[in-house]
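Report on the following structure.
The values are calculated or read from the model by the stated rules, or taken from the named source; none is laboratory data. Since the structure is predicted, the reported quantities are computational estimates derived from the model, not experimental observations. Note that each Cβ is placed from the backbone with ideal geometry, even for glycine, and that neighbours are counted across all protein chains shown. Calculation scope for accessible area: heavy atoms of the full protein, side chains included, ligands and nucleic acids excluded. Shrake-Rupley method; radii C 1.70, N 1.55, O 1.52, S 1.80 Å.
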Amino acid sequence: MAAAALWQPQEEGLREICTLLDAHISPNSDQARIWQQLQHYSQFPDFNNYLVFLLARGEGKSFEVRQAAGLLLKNNLRATFSSMPPASQQYIKSELLPCIGATNKAIRSTVGTVISVLFQIVRVAGWIELFQALHQCLDSNDLDHMEGAMDAIYKICEDVPEELDVDVPGLPERPINVFMPRLLQFFQSTHASLRKLALGCINQYIVVMPAALYMSMDQYLQGLFNLAKDPSADVRKLVCSAWVQLIEVRPSILEPHLKNVTELMLQANKDSDDEVALEACEFWSAYCDVSMPPEGLREFLPRLIPTLLSNMIYADDDESLADAEVEDESFPDRDQDLKPRFHASRLHGSETGEDDDDDDAVNVWNLRKCSAAGLDVLSNVFGDDILPTLMPFIQQNLARTDDDAWKEREAAVLSIGAIAEGCITGLYPHLPQIVAFLIPLLDDKFPLIRSITCWTLSRYSKFIVQSLEHPNGREQFDKILLGLLRRVLDTNKRVQEAACSAFATLEEEAAEELVPHLGIILQHLMCAYGKYQRRNLRILYDALGTLADAVGAELNQAKYLDIFMPPLITKWQQLANSDKDLFPLLECFTSIAQALGPGFSQFAEPVFQRCINLIQSQHLAKVDPAAAGALYDKEFIVCALDLLSGLAEGLGAGIESLVSQSSLRDILLQCCMDEAADVRQSALALLGDLSRVCPIHLHPRLQEFLNVAAKQLNPQCVKEAVSVANNACWAIGELAIKIGKEISPVVITVVSCLVPILKSPEGLNKSLLENSAITLGRLCWVCPDIVAPHMDHFMQAWCNALCMIRDDFEKEDAFHGLCAMVAANPTGAVGSLAFICQACASWNEIKSEGLHNEVCQILNGYKQMLGSGGWEQCMSTLEPAVVQRLGRYGAKRRKKLIVQRQALLSESIMCIVSSTSECSQPSRIMLCRPTGNLIPYPSVRLSFCCCFFSFHGGKAAKDSKEERES
């Protein structure tokens, strides 16, 4: 303390820093120059002493300058406190404590922020004096001191709540044990600010639930009930937040009080303050999401549903109302109209995510949207049971046709869309009437009714497509399709956006049903392309890409290509390499290239070269923005890599000539090692795609690719970037199939990384788990001799994962590997026979005749080995349905093959081998069985073994079908 107290600022230095900070907060100053000067000053060891002096003792200076000093100090402490001289550290801590109760609220708040940041660095043990100061402030009767201490505690609880629940040498109790009773007392304070801060602090502990809160739970709950009607809206909002958090993470605590809590939340949902009502509205989704007994909510539905419907009506001050009126297509988009866009890097095996259903997603979450989401969730829990309560209100609002009631009509249409999934059983018989009612609303005079009608129709797309074969089903479908296309050409930009999004949803559901309408669809979309502003162009690109995904090769006809490709190519040529409007166009081209397949070859060369140029220019921008003429943006690299993947998928081997004449191989390797996870993710996806169609061009740097991909599978990398690991895993599997034994140097490394994934599937990405099982199978297929000795480490977990994979060619590859493993080390697999049987039973049908016969060979071999008693004992451990499905493998499909194998089996001999010798053909040993008794864990050294025919699955990757069968 003495050393710290010796420090005093130099007047000249203090004056210079004040002048600089004054300029820093001025809106008209040269911020870049000032920032450079501040960085220069920060190199002086006592610069932060000056900042804390200004914050704490800057009497006579403006509060804005003092605040700026505090905020700059906060940022500096994060980066440099640990390396500061101890004297400076102590000085800063000692100067902050007296300011906790500063008379100016802005200064108190800034001090609380700095204290919280510093506390995260030093923790409790590094700043015992802080808690002594906080106690003194809380025990004083001075509002400034109490509020300042509570503000600092709140910020600490918000940032690192667990750090107050630790034992600390020098303190008799954990800090939270001391603070909790005091916080609960503040629930009864006459000052709203203290009630708010105390409640906010305790709410931070609901998830971590320290003993101090758990032991005080009754007092806490009683406090929440008492504060439910607090005059402060901020306090009421925090009460609602507490109930929502409790039901989400501690529902058992609420069960005894659930009826009273639900009643309070229903009342709060009608609060005059929209923020309180919004927080209360979150309760209904939370209640349903944690699977609480629905009966507890059923009695409230007659009052809850009308409340939700009332809150779904646009508020008079909703920004969407004003925006909708000025969304004419003739007005250019403003910069703030353009939503930030985030390209989703290519992920092999990913499920299609749900689109944002909101018609005005550009705006913030509000009570209207939350109420609609709550109604959606309730409909999924209670289904058609809510219709008798809901429908009279909907019909009443729809019947109000006067202009003054348009917002009520809009809310009614929104509610019809919200219940589309949950109440479809009751609504489906009336779907023609619902559609017939909605279609005229597509032409309503109010743009927000037109836009919500588009959204609502999109919610019924799946069921409309399912009704195509019903009477008038196609006529209904055609009306919807044409109605949405009409609105795609609306003059209101909000309606254009809703119509385009709705049409994309219809495209996904209708797929090939769109083919007869392709001409008129493309004409409308390209007409829109000529009139849309930048924001809606992005959505239109998505609609075009979705159309390509939906109809595939049907798009590859000259009459269609002539409609949509010339405008897209023109735009492609107009956009500079640094223009971010290129992103959605690249994504659109990716879908089109995949759909057209070889038909895209006429456009491929310039598109391919543009992608290479984009990646190269961004690599240059990363190190020298001036030379590149643009700032680095990894999104360009990700989109370009994904388009190259689309070209590889669409052109197939046709991309080989483009790859051979380019530097793609070296660029790709560089991208696979990029520090950005999404760049690596897309690069590894492209590596897998190129492995399929032109692996020969990867050969010069093959081992480097394998090593880089294998590195992504170590546990730390999987934890940090699971999607990157997923694509790396898939790419290795694709390479294995193509290069065979050349993959052997990395096999053990990869297998050692895959085994933990298979053994600990909880919480892991489902796609990663499936790809791990497939890739392991492919490695077993091509290198069974390397993997087989280690099968006991993973066989059971592997078989469990194989059971979850849908029937396709990738699963076939994995089972070829399984069969190869058993052939290479049959004795090692006998302990996992029940798991092997479950995996074999997971098939609906093995379409490959060769694989079907291989599986038959394995199972029948084990059946003969075990004898009827042993086999029946194994079958008794399986579910009856599994045993029944195994019956399909009782006979092989081809009579000729059966005869050949029976002949071989009949010629098999019992080999009597001395216990000190090894079998000369270990890969062909299916059974080790002394007369009468089964040896449960046979070794390679056998006294008795039955040698009979078995193929070597690992060779099948290169052998022809006939060779494998023979």
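Tabulated results
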item	result
Directionally averaged shadow of segment 244-309, computed from the convex hull of its alpha-carbon atoms, nm²	4.1
Listed peptides 788-796, 8-16, 316-324, 275-283 by packing density, highest first (mean Cβ within 10 Å)	275-283, 788-796, 316-324, 8-16
Cα-only radius of gyration and Dmax that characterise the chain, units Å	34.4, 106
Nearest-10 value in Å² for the accessible area of ILE424, using the 1.4 Å probe	30
Extension gain (nm, one decimal) between LEU482 and SER660, 0.36 nm per residue minus Cα-Cα	59.5 nm
Dipole in debye (nearest 20) - the chain, about Cα centre, beta carbon charges: Lys, Arg +1; Asp, Glu -1	3240
With all protein chains modelled, accessible area of TYR214 [1.4 Å, Å²]	140
Calculated from backbone phi, Karplus (6.51, -1.76, 1.60) coupling profile of segment 767-784 in Hz, x at Gly/Pro	5, 5, 4, 5, 5, 5, 5, 5, 5, 4, x, 5, 5, 5, 5, 8, 9, x
Rounded FRET efficiency, nearest 0.05, which uses the C-beta distance separating GLU849 from HIS790 and R0 of 30 Å	0.45
Sites GLN222 and THR389, calculated FRET efficiency, Cβ-Cβ separation with R0 35 Å, nearest 0.05	0.60
Ordering of 380-390, 482-492 by packing [mean C-beta count within 10 Å, highest first]	482-492, 380-390
Length released on extending from TRP365 to ALA125, taking residue separation times 0.36 nm less the Cα-Cα span	82.3 nm
Ranking by accessible area, most exposed first, for HIS852, HIS697 with a 1.4 Å probe	HIS697, HIS852
SER94 accessible area, 1.4 Å probe, all protein chains in place, Å² to nearest 10	30
Taking the chain and dividing mean pair separation by its residue count, relative contact order in percent (alpha carbons under 8 Å, at least six apart)	5
Segment 575-663: translational diffusion in µm²/s, Stokes-Einstein, Kirkwood Rh over Cα pairs, 20 °C, 1.002 mPa s	162
Accessible-area ranking of TRP284, TRP35, largest first, probe 1.4 Å	TRP35, TRP284
At R0 = 22 Å, FRET efficiency that the Cβ-Cβ distance of GLU475 and ALA511 yields, to 0.05	0.70
√(5λ) per eigenvalue of the Cα gyration tensor, segment 626-710, largest first, Å	21, 15, 12
Compactness of segment 837-877, expressed as Rg and Dmax over alpha-carbon positions, Å	11.4, 31
By accessible area with a 1.4 Å probe, ligands and nucleic acids excluded, highest first: order of TYR632, TYR460	TYR632, TYR460
Per-residue HN-Hα couplings for segment 606-611 [Karplus 6.51, -1.76, 1.60; θ = phi - 60°; Hz; x = Gly/Pro]	x, 5, 4, 5, 5, 4
Packing-based order for 17-24, 80-87, 829-836, 67-74, using average beta carbon neighbours within 10 Å, highest first	67-74, 829-836, 17-24, 80-87
Length-normalised contact order of segment 11-244 in % [C-alpha pairs under 8 Å, at least 6 apart]	13
Segment 355-479 - Kirkwood radius from inverse mean 1/r over Cα pairs (Å)	15.0
Solvent exposure of the chain as accessible area per residue, Å², 1.4 Å probe	43
Relative contact order computed over segment 686-774 (Cα-Cα under 8 Å; 6+ residues apart), in percent	34
The chain: angle of helix 431-441 to the longest principal axis, Cα-based, in degrees nearest 10	50
Helix 301-311 vs. the chain, principal-axis angle (Cα, 0 to 90°, nearest 10)	70
Helix 63-80 axis, angle to the chain major axis (alpha carbon atoms, nearest 10°)	30
Accessible surface of the chain [probe 1.4 Å, protein heavy atoms]: carbon and sulfur percent	52
Segment 11-244, Rg to Rh (Cα coordinates; Rh as Kirkwood inverse mean 1/r)	1.01
Charge dipole magnitude, Cβ of K and R +1, D and E -1 - segment 11-244, Cα centre, debye nearest 20	420
Virtual spin-label span in nm between TRP7 and VAL160, 7 Å along Cα→Cβ	2.0
Ellipticity estimate at 222 nm from DSSP helix runs (n ≥ 4, -39,500 (n - 2.57)) divided over the chain, nearest 500	-20500 deg cm²/dmol
